Structures are given as C-alpha cells and as structure tokens.
1. Which value in deg cm²/dmol, rounded to the nearest 500, describes the helix-derived mean residue ellipticity at 222 nm for chain B, given -39,500 (n - 2.57) per DSSP H run of n ≥ 4 and division by the residue count?
2. Averaged over peptide B:118-124, how many Cβ atoms belonging to another chain are found within 10 Å of each residue's Cβ?
3. Find how many whole Å separate the alpha carbon centroid of segment A:26-68 from the alpha carbon centroid of segment B:110-131.
4. Quick one: helix B:113-123 against the long Cα principal axis of chain B, what's the angle to the nearest 10°, folded into 0 to 90?
5. Counting pairs of alpha carbon atoms under 8 Å apart in space and at least six apart in sequence, what relative contact order in percent does segment A:12-58 give?
6. If one takes the longest principal axis of the Cα atoms in chain B, at what angle in degrees, from 0 to 90 and to the nearest 10, does the Cα axis of helix B:94-111 lie?
7. Taking 7 Å along the Cα-to-C-beta vector as the label spot, tell me the residue B:82-residue A:159 distance in nanometres, rounded to one decimal.
8. Using only atoms on other chains, find how many Cβ atoms lie within 10 Å of each Cβ of peptide B:67-76 and report the average.
DNA sequence: CCTTTTGAACTGACTGGTCAGTGCAAAACC
DNA sequence: GGTTTTGCACTGACCAGTCAGTTCAAAAGG
C-alpha cells in the first residue's frame with residue numbers, strides 16, 4: 001500500500017496538486033469577495049473538485065485560509081530576503097538593498113495581486129480566528145526590512161534618528177498602496193516605471209530641488 | 001462615527017441621531033469582522049435599537065454600508081483639504097502643506113481607526129456592489145494630495161520628475177500603513193512621535209547622512 | 001396626528017460541515 | 001502473469017443551522 005503521498009516536500013503528488021488548485025481558487029475568490037462572502041462550494045467549483053475534497057484536504061474553511069496565508073507570505077519573505085542578500089553581495093550599499101527589496105515587493109505584487117489584496121484586507125482585523133497566524137507572518141516579512149534598515153544605520157549610511165519599526169512600516173505601506181493602485185487603476189504601466197517613482201521617493205529626491 | 005458625533009450636516013433630529021448610532025455600531029463591527037460576517041441583528045443590538053429601525057432608516061445592509069463609506073471619507077477629505085489650505089495661508093510652502101496633511105491623516109486615523117481599517121479592507125476589492133461608490137470617494141481624497149503635489153512642482157519646490165499620481169498613492173500608503181500599525185501594535189506611542197518619523201521620511205532625511 | 005421606533009414572528013434562501021460510498025493504482029498473493 | 005486486496009483521494013447528496021429582509025400591530029414621541 002503506502003502508495004502516493006509526498007515524501008520530502010513538494011512532489012508531484014496528486015494531493016499536493018489538489019491543494020495547489022484550491023489555493024489558487026481560494027485566493028482570487030477571497031480577494032474579490034472577502035473571506036465570509038466566499039463559500040466553500042464556490043472554491044471547490046472553481047478548483048474543479050468536489051466540496052468533500054476541500055474538507056479532505058483541509059480541516060475547515062478557516063484552516064484552508066490560514067495555510068494559504070502562510071504559503072503566500074512565505075513566498076514574499078523568501079523573495080525579499082533573497083533580494084536583500086543578493087544586493088548585499090554585489091554592492092554592499094544598504095540603500096541599494098532597500099531599493100532591491102522595493103523592486104522585489106513590486107514583482108511579488110505584480111505576480112500575486114490577489115494574494116496581496118487579500119492580505120491587506122485582513123491584516124488589521126481583530127478578533128478573528130487567524131489573527132495570531134497573521135501577526136507571526138507579518139512580523140517575519142517586516143523583520144526583513146527592519147534588519148536592512150538597522151544595518152544601514154550601523155553602517156552610518158542611514159540617519160541614526162530614524163525609527164526602524166515605523167520606517168519599515170511606512171516603506172512597506174508605500175510599496176503596498178502604490179502597487180495596489182497601480183494594478184487596480186493603471187495596470188498598463190510598466191514595473192520599471194513604478195519602481196523608478198518609488199526609488200525617487202525613497203532617496204528623498206522629491207522635495208529639495210535636484 | 002467611532003466616538004463623538006460631529007454629524008457634519010444635520011441638527012439634532014431624532015432620525016439623524018439614530019442613523020449616527022447605527023453608523024457607529026456598524027463601523028466597529030464591520031472593521032472587526034468584515035461586511036459579510038457582520039449581521040444586521042448585531043448592528044441593531046450594538047446601536048441599541050430594534051432591527052426594524054435599521055430597515056426604517058436604510059433600505060438595506062449594503063445601503064447602510066455605502067452611506068457609511070461616503071460619510072466617513074467625506075470627513076477625511078474635508079480634514080485634509082482644511083489642513084492644506086490652512087498651511088498654504090500660513091507658510092506657502094507646499095512641503096509644509098504635505099506635512100500638515102500627513103498630520104491631518106494621522107489625526108483622522110487616530111480618531112477613527114475602525115473606519116480606516118474597514119476602508120482599507122474594501123478599497124481594492126472588485127465586483128462588489130459598492131465598488132463605484134468607493135472609487136469616487138477614493139479619488140476625492142487622493143485628489144487633495146495630488147493637487148498639493150502639482151502645486152509644489154509648479155512652484156519649483158518639488159522635482160518636476162515626480163509622478164504625481166503614483167507619489168500621492170505612495171504617500172497615502174505610507175501614512176495609512178504606518179498609522180494602522182501604530183494603532184494595532186504600539187497604541188501607546190504619541191501622535192507627535194509618529195508624525196516626526198513620517199516627516200523625516202517625507203523630507204528625505206533618511207538616506208543621505210545628515 | 002403624524003413621524004419614528006419597537007419587537008417579535010416568519011420566510012425562504014443559503015452555508016459550513018458530514019458521511020456513506022466510488023474509483024483506481026500500487027501491493028500482495030498464488 | 002493474473003487475480004485479489006488495500007487504502008488513499010475524491011465525490012456529492014444531505015443536514016442542521018443561520019441570516020437578510022418582511023410584516024405589522026402597537027407604543028412612544030414631539
């Protein structure tokens with residue numbers, strides 16, 4: 001017996017493929033309608049599986065959502081960290097690293113706009129079942145930015161008067177909102193274009209005549 | 001909304017008072033749970049009125065929500081515009097005006113955190129009944145920031161290379177996310193403190209050694 | 001008296017979750 | 001090799017509960 005299942009990690013198991021389909025179906029539906037307005041029947045239908053399959057793969061609707069959150073933010077965090085490290089090797093400049101992370105953030109949002117939207121919509125809610133999951137996962141992502149900021153201060157490349165936590169939040173917000181507006185209202189613009197505008201803002205070349 | 005009254009347009013009619021109570025009840029519940037997860041019974045109960053009263057005052061749950069959105073963003077827009085105009089009279093500097101608007105934004109979020117949260121959660125959704133309302137109302141608010149940016153470019157106080165629309169989005173995002181994180185994770189910090197950190201970011205005193 | 005509110009009962013549609021049963025490919029057996 | 005068994009993955013009808021919205025007679029309120 002011992003037939004199918006995924007040994008080490010992401011194999012091509014039938015199970016894993018089904019879960020992936022369910023993630024993809026759930027992410028767009030929940031982004032559009034919100035968690036509560038999205039029914040399990042809809043998710044199953046869009047994924048092309050039966051409702052029972054959803055409950056075979058996930059303990060409940062909430063659990064499906066929580067695992068989806070973890071999955072998505074995991075991708076983002078890895079991408080940010082990779083961008084920061086790659087830049088660190090090449091240039092050593094922390095401002096360059098921040099800039100690279102901004103780009104990585106934009107690339108992520110460009111690829112997974114629905115996930116981003118859903119994440120933003122749920123992040124500041126209180127009293128929800130998955131709130132603790134959300135907090136943990138948020139901290140993981142923000143911490144990557146904070147680390148770079150802190151390193152920048154230590155390298156005397158950034159002012160030591162900055163508030164690391166708040167500045168990290170503000171930078172994340174800047175990218176998040178600009179990117180969501182981009183995808184929502186001007187999807188034809190290029191990523192480079194958007195990146196350039198945000199770079200300018202980051203490097204303080206907005207106020208102060210050039 | 002959240003706390004006090006400030007009806008904005010009406011005297012102390014009994015009807016208006018009831019609507020106000022319903023707004024206040026709805027805004028916190030929907031911010032916490034989302035629109036779909038919030039029941040009309042809950043809203044009525046928290047407002048201290050009978051369910052029939054909700055339907056006497058609003059055609060439906062959605063209409064209540066839409067009018068709530070209009071009401072809230074109206075307050076924000078007025079506040080932003082007022083801050084910009086007041087600063088314009090006093091100093092004439094557009095950067096000062098932006099700074100004043102940042103503060104006005106923070107004050108608003110400080111006073112109505114639930115409304116802000118609910119607004120963010122709904123803003124980028126698609127295919128929802130109130131989407132057009134939301135777009136209109138968003139544009140009203142962003143336009144205030146854009147106007148100041150444009151004036152700043154014309155006065156040669158800001159670089160003419162900036163992208164007005166995107167920069168406005170980014171600034172709004174910066175304030176929004178920083179403020180929501182502030183209220184959610186460090187509510188004990190003072191508004192001045194947060195404002196100072198954001199001012200620094202606005203004026204590009206982060207990168208570049210002082 | 002005319003407007004507003006009450007409060008409880010009712011409906012009809014919808015939803016999360018369940019469960020007995022099916023299909024099928026690898027494993028065990030002869 | 002051919003047959004039988006095993007159990008994973010999946011199915012979809014079904015159930016018990018929930019909710020938006022309606023109705024209405026009666027009570028405040030002003």
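None of the figures in this text is laboratory data; all of them are computed from the coordinates on show. The structure displayed is predicted, hence computed values, not measured ones. Positions of Cβ are generated from backbone atoms using ideal geometry, with glycine treated the same way; all protein chains shown enter the neighbour counts.
1. So the helix-based figure for chain B works out to -24000 deg cm²/dmol.
2. Mean inter-chain Cβ contacts per residue within 10 Å come to 6.
3. Rounded to whole Å, the Cα centres lie 23 Å apart.
4. 90 degrees
5. Working: 25 pairs, mean separation 17.5, N = 47.
This gives 37 percent for segment A:12-58.
6. 30 degrees
7. Placing both labels 7 Å along Cα→Cβ, they lie 2.9 nm apart.
8. Working: counts 0, 0, 0, 0, 0, 0, 0, 0, 0, 0.
If you average over the peptide's residues, the count of other-chain Cβ atoms is 0.
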